[in-house]
Each structure stands twice: as C-alpha cells, then as structure tokens.
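Chemist: First, the structure itself, so that you have it in front of you.
Just so it is clear, none of the values below were taken in a lab; they were calculated from the coordinates. The structure presented is a predicted model; accordingly, all values stated were derived computationally and were not measured. Virtual Cβ from ideal backbone geometry, glycine too; neighbours counted across all protein chains shown.
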Amino acid sequence: MNTFDRRSILRAGLLAAGAGVLSACTASPSTANLVLPSDPRVAEAEARRHTSGQVRTVRLTARPGPVDLGGPQVSTWTYDGVLPGKEIRVRAGDTIHAELTNRLPAETSVHWHGLALRNDMDGAPGLTQQAIGTGASFTYRFVAEQPGTYWFHPHSGTQLDRGLYVPLIVEDPHEPGGYDHDWVVVLDDWIDGTGQTPDDVLATLRQGMGSMGGMMGSPSGMGGSSPLLGGDAGDLRYPHYLINGRVPAAPATFTARPGQRARIRIINAGSDTAFRVALGGHRLRVTHTDGYPVQPAETDTLLIAMGERYDVTTTLDDGVFPLVALAEGKNATALALVRTGAGTPPPATIRPAELDRDRVTYDRLVPADEVRLPAKSPDVTHTLDLTGGMMNYDWGINGQPLDMGRRLLVQQGQRVRFVLRNRTMMWHPIHVHGHTFQLGDSGPRKDTVAVLPGQTVTGNLDASNPGQWMIHCHNTYHAETGMAAILGYQT
Ligand code: C2O
Ligand code: CU
C-alpha cells in the first residue's frame, strides 16, 4: 500500500474494520474491540444529547465552477457556487439534516469541524463513512448540541484548499447577547485556479525541498518565517489572501452605527497560513475560543491558526475601519471594512498599528466556569511526537505517516491526556475530532491548538463521545501526507 495516499489507506482501513478482521489484518492486537461508527454506543450517545426537536434541512451541492474573488476570476470547487459557502445557523439542540450531492470530479465528504457529533456523521472517509463518489449523495443528520462558532469542509485530499468551506453557527438560547451585530469573518489563503490546483501544489511539495526552487515566486524561505510561530511560517506563499472570499482591493464591508456593539466570529479556513487579526482603532474582547466561552480578555490583536475560531466583541467607533488579517510571516494581508459613518476607506495595503500591539496568547485565556473541566488525574496519557520536515515532505506522528491499523486507545468515561511534542522545525495546528479538550490543566477549551517548534503542549479531555476520531495537523498538506493519528474508543 502506498502509505502516502491517505484515501487508499482509509479505504483499506474501513474495509478491514467492516469485515471485523482488523486485528488479524494488521497484526496489531491493540486494535481489537473498537467502538466502530456503526456500534450501538454511537446511537446511544446521540440519544443522550439534548435536543430542541427542531430539524434544519439544508441541501449542498459540491461542484466545480467560476468564482469572482473581487477582481481575480478563478475556476474552483465550491458548495453551490458561493465562497465561502452559505452560512448555516441553528440553535443549540437542533438537528442538522444536510443532503450533500457530489458533482465534483473526485470523491468527497463533509467534516463538521469542532462539533461533538455522532461518530458516523463525522465525515472522515474510510474511518467513519465511505467516501462519497462522483454523482453520489449522502445525508448527514445529527444533533448540534453545543453552541458555538464552527465550520465544515471536506475531509478528502486537498479539497479544503479549494473553495469548499462554510461557517456553521450554533446559537446559544441562553446567550446574554449584549451586542447589536453578529458578523462572521472567514479567513483563507488562496491558490486554486491561479495556474495551480492544490493537487498540483501537493505533488510539488511531495518532491521535497530540493525541487522547490522558485516555487510560487518565493525562491527562498518558502512560506516565510515568523518569531510568533517560532520559525517557519508555512510551506507556501499564496497569490491571494481572502476575507469572506474577497481580495483586499474589493473588501467585504460590514456596516453598523457608531456606538453599537459587534460580535465578530473569526474562522481560519486557510490551509497553510496563520493570520494575525486586528481591527484598526479598536480593542477586542475575546469571548470564545473554538466555540467555547472564556473569561473575557482584552487585546489589540490575536493570532489564529488554521482550524481555530475566536469570537470577539467590540464597541464600534465612528468612521471606516480596516479589519486586517496579516498572513503571518508571509508579508501579505487580507482585508475587510467596518463602516459606521462617513470617511474614505483605507488603502488595500493598510496595516493597522494594533497588529503590533498587545496580543492575547493561550496562557492569558481562562475558560468560563461552566466549561472548565473538573480536576481529575488522567486515566490514560498518549504522547504524540510531531515529526518530519520539508526536506523529504514526510510529516508524521511518532515518526510515521497515518497508519489505519493503529489507534490511540481510550475507553468511554476516561479522562484522557494527550501530550503533543513538536520535534520539527515548523509549527503545527493540531485538531482533535469530536471533542473539545482543555488546554493544559486550566487553559481554554479548544479543538485546535498551535504547537510551535520544540514546544510541548498538553490537552485533557473527557472521553464521552464513543467512536473513532482523527487527530491531525490542520495544515492541509501536512495532514494529507500523514501527520495524523486516530483516537480509538475500545469496547
Ligand atoms: Cu477541520 Cu479533520 O478537520
Ligand atoms: Cu503541520
């Protein structure tokens, strides 16, 4: 088996698991007695979720087509022709019934990033479902129990680095509110349809660094470097950086009145870019990380890794203000505008001073009392060394690319600790499916955490969502080449 083809690995894994011969087939006895997506425990966990009784039906068609980025015209893949895809907004406890039709020339899937949903709806092909073939359909149906800012995207190949991403907002019926506007800001790094597809990019990266001179107009330094990221900023420089699907020359504009309060939900849907975000002339109050509340923390700017979400609130001044997402270490920006009054818009290249002022970091964030994990010593600890590099493009965990025959074993009811040790020269945003861990013993609740080179980061979670769950780097190219593992509930 070609270990670099995740799709074929996953397909083999699903077939083996489905046939009940996984342990025999992989000679790894530790993979026996897994709680598979079809296990009754998965449906039982779903039945315990609090439901509102409301069902929200949505239809999504993934298809190729043209998109206008606000000047640049590109041919790409989207949901229903729009970028980002049309936001889904439900209330906590609603059932999402999403019918996906695949009109792409490739297999696809939908992963509901950050949601603690039933395992068989998690959208990991080969692990929780069969990939959805060209022309085929699949219906996702699950309870969205936990309020917050989420999003969804394919879990197939490099499709996330095309235009296939959509915000999913689960509103809290008990939200105290206190704001007049609720804005969603989706950040992205863009290459598709500019002469290369993400598959072309992956093919080049896989050849290793020796072959990459001159790639993407960046003969040295590849994806740039940043002290905030502890070294290399990424593997790639992109032709465009977008907010809500627009280049800075034609920014999305949010309008309000002076003195109003805005809640801004920021989602990094990029594939290889951390964004440093600020709103010119404003302080920001961080209220949520990855959907979960924190004790409000004031800041001028925040660094957002791929897959992360932050909710902030702010009281709007009078005028026209740049909302800027600096592509960290890549010397380029994405832009949106906030307009509350008369004024000339700032130039497309504006970099508000706030970007270089006070920046909130993980260690300043404290979970809200209602989402703090009760103190408990771990029942099981898994250590994951993040390994590999650009030279051979051999990203992995514990020195190996994803192996479907291996599991990080846990049991329902356990307190699980995972220790992420970054042994590489690059930072990695590590994402856990189906769970929201607590960072360290008292940090914020997160489902995605940036781990800098040389750093060790600990996460703690309660194993309350039975099934088989991916844990992986949310750099699209690192995940696709193998920086991934599977958290496996055992019976
Ligand atoms: Cu948003 Cu497995 O990822
Ligand atoms: Cu990575």
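Chemist: Starting from the 7 Å offset along Cα-to-Cβ, what nm value, one decimal, do you get for the label separation of residue 357 and residue 375?
Modeler: 3.7
Chemist: Further, regarding this structure: So for the chain, Kirkwood radius off the Cα pairs, Stokes-Einstein at 37 °C and 0.692 mPa s: how many µm² s⁻¹?
Modeler: 145
Chemist: Mean separation of Cα pairs under 8 Å and 6+ residues apart, divided by the residue count of the chain: what relative contact order is that in percent?
Modeler: 16
Chemist: Explain nothing, just the number: relative contact order of the stretch 182-368, from Cα pairs under 8 Å at least 6 residues apart, as a whole percent.
Modeler: Relative contact order here is 25 percent.
Chemist: Multiply the residue gap between residue 256 and residue 87 by 0.36 nm, knock off their C-alpha separation, and tell me the result in nm, one decimal place.
Modeler: Between residue 256 and residue 87, full extension yields an extra 58.8 nm.
Chemist: How many nm separate the modelled label positions at residue 385 and residue 59, each set 7 Å beyond the Cα in the direction of the Cβ?
Modeler: Inter-label distance under the simple model: 5.2 nm.
Chemist: Could you work out the local net charge near residue 354, counting Lys and Arg as +1, Asp and Glu as -1, over the other residues with Cβ closer than 11 Å to its Cβ?
Modeler: The answer is +2.
Chemist: Also, I was wondering about something else. Give me the percent relative contact order of the stretch 394-491, please, defined on Cα pairs under 8 angstrom at least 6 residues apart.
Modeler: Normalised by residue count, the contact order of the stretch 394-491 is 42 percent.
Chemist: Which order do 330, 446, 376 fall in if you start with the one that has the fewest other Cβ atoms within 10 Å?
Modeler: Ranking 330, 446, 376 by Cβ neighbours within 10 Å, fewest first, gives 376, 330, 446.
Chemist: Would you mind working out the magnitude of the charge dipole of the chain relative to its Cα centre, with +1 at each Lys and Arg C-beta and -1 at each Asp and Glu C-beta, to the nearest 20 Debye?
Modeler: 240
Chemist: With n ≥ 4 as the cut-off for DSSP H runs, can you work out [θ] at 222 nm for the chain, using -39500 (n - 2.57) per run divided by the number of residues, rounded to the nearest 500?
Modeler: -2500 deg cm²/dmol
Chemist: Report the one residue of 352, 377, 178 whose Cα lies farthest in the direction of the positive end of the charge dipole of the chain (charges on C-beta: Lys and Arg +1, Asp and Glu -1; origin at the Cα centre).
Modeler: Most positive-ward Cα: 377.
Chemist: Moving on to the next point. Compute the FRET efficiency between residue 103 and residue 464 as 1/(1 + (r/R0)^6), taking r as their Cβ-Cβ distance and R0 = 45 Å, and round to the nearest 0.05.
Modeler: 0.75
Chemist: Note down the nm distance, to one decimal, between modelled labels 7 Å out along Cα→Cβ at residue 400 and at residue 344.
Modeler: About 6.2 nm, to one decimal.
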